[in-house]
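Structure first, commentary second.
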Amino acid sequence: MHFYKGNYSIRLQDKDKHVYILKLKQFVAFVTFCLFLSCQQEKGQLSKIQGKQLKIDSSLTAVDSISDYIAPFKNRINEVLDSTLAYAPETIPLDDAKHNTSMGNLMADIVLAETVPLFKKQTGKDLDFVVLNRGGIRTIISKGNVSARNAFEVMPFENYISVVELNGVAVRELISFLVNASKAHPIAGMQIILDKNGNLESVDIQGSPFDETRNYFVATSDYLVQGGPSIGFFNDMVSVTDTGYLLRNAIIDHLKKIDTVRASVDDRFIELK
């Protein structure tokens, strides 16, 4: 009798346990359902936004503690930016000719000089020419000392140098774009000659006549690569190599290597008289 009684007692305990678990589950389900209903309530609608204009003028004074904290960093940045890298005996203008300009030629020549060895090291291939956009050059270089700050003023954007591989047909389209553009877009490693009527006379790349049967490697800004046909430069690309090299850094690196900055209008893009 004791044995059965014991088993009966155990079965009752198991039953109570199951009842308790069932009730607990029902309670959790009820709470979850209530929360779900509360989440389904209509959200409030924005009815008004209030604000006031805060004037930023000479009445505002610097907070000494903040100024003192950033002073060492500011002084170091100014020291680096204002250190002289080279000297410009004459101002280098941005719009001193129709088809090529002094400032544009300088920028394109810098990109060519600094990218040729880098691209060769990265890919084992030879760079053919450079094409940049006139709008990417933001200012001139004035006569006098040239600093890293000037490089930031000329190229304030975080644009990198990319090398685009184009087939001959695409290069032909690019040349046509340059010929018909209203602005003088900088080029280097290429010569474009127009006849007296403005029609294409000849194109040389690295001293050799343009060959439409081969591919060419063109250094440019990643901005132009990303813009593609919407900008007009590159409608069809075989490949793109991201050099990881900032255009601005190329300027700074080049200026460190030279004593004197010189640039002028030349015959890389001309129209015969």
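Residue by residue, here is whether (1) in a strand (DSSP E or B); (2) of a type in the set (D, E, K, R); (3) under 16 Å from the mean Cα position of the chain (by Cα) holds:
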{"position": "Val163", "(1), (2), (3)": "yes, no, yes"}
{"position": "Leu174", "(1), (2), (3)": "no, no, no"}
{"position": "Val179", "(1), (2), (3)": "no, no, no"}
{"position": "Ala184", "(1), (2), (3)": "no, no, no"}
{"position": "Glu201", "(1), (2), (3)": "yes, yes, no"}
{"position": "Thr213", "(1), (2), (3)": "no, no, no"}
{"position": "Val218", "(1), (2), (3)": "yes, no, no"}
{"position": "Tyr223", "(1), (2), (3)": "no, no, yes"}
{"position": "Asn235", "(1), (2), (3)": "no, no, no"}
With (1) surrounded by 10 or more Cβ atoms within 10 Å (Cβ to Cβ); (2) polar (S, T, N, Q); (3) at pLDDT below 65 as the list, and Gln40 as the residue in question, which single condition is left unmet? (1)
In the stretch 186-199, residues that are assigned to a strand (DSSP E or B) and within 31 Å of the chain's Cα centre (by Cα) total 5
For the stretch 98-124, enumerate the residues that are among the small types (Gly, Ala, Ser) and either over 30 Å from Glu165 (Cβ atoms) or crowded, with 18+ Cβ neighbours inside 10 Å (or both). Ser102, Gly104, Ala108
Index of the failed condition, His254 passing every other in (1) assigned to a helix (DSSP H, G or I); (2) exposed (fewer than 14 other Cβ atoms within 10 Å of the Cβ): (2)
Exactly one of (1) out of contact with any Leu (no Cβ under 9 Å at 6 or more places or on another chain); (2) within 18 Å of Asp267 (Cα to Cα) is unmet by Thr101. Its number? (1)
Output the number of residues of the stretch 226-247 satisfying the condition of being farther than 17 Å from Pro117 by Cα and either crowded, with 19+ Cβ neighbours inside 10 Å or aromatic (Phe, Trp, Tyr) (or both). 2
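The values are calculated or read from the model by the stated rules, or taken from the named source; none is laboratory data. Computed from a predicted model, the values in this text were never measured in an experiment. Glycine also receives a Cβ, built like all others from the backbone with ideal geometry; neighbour counts cover every protein chain displayed.
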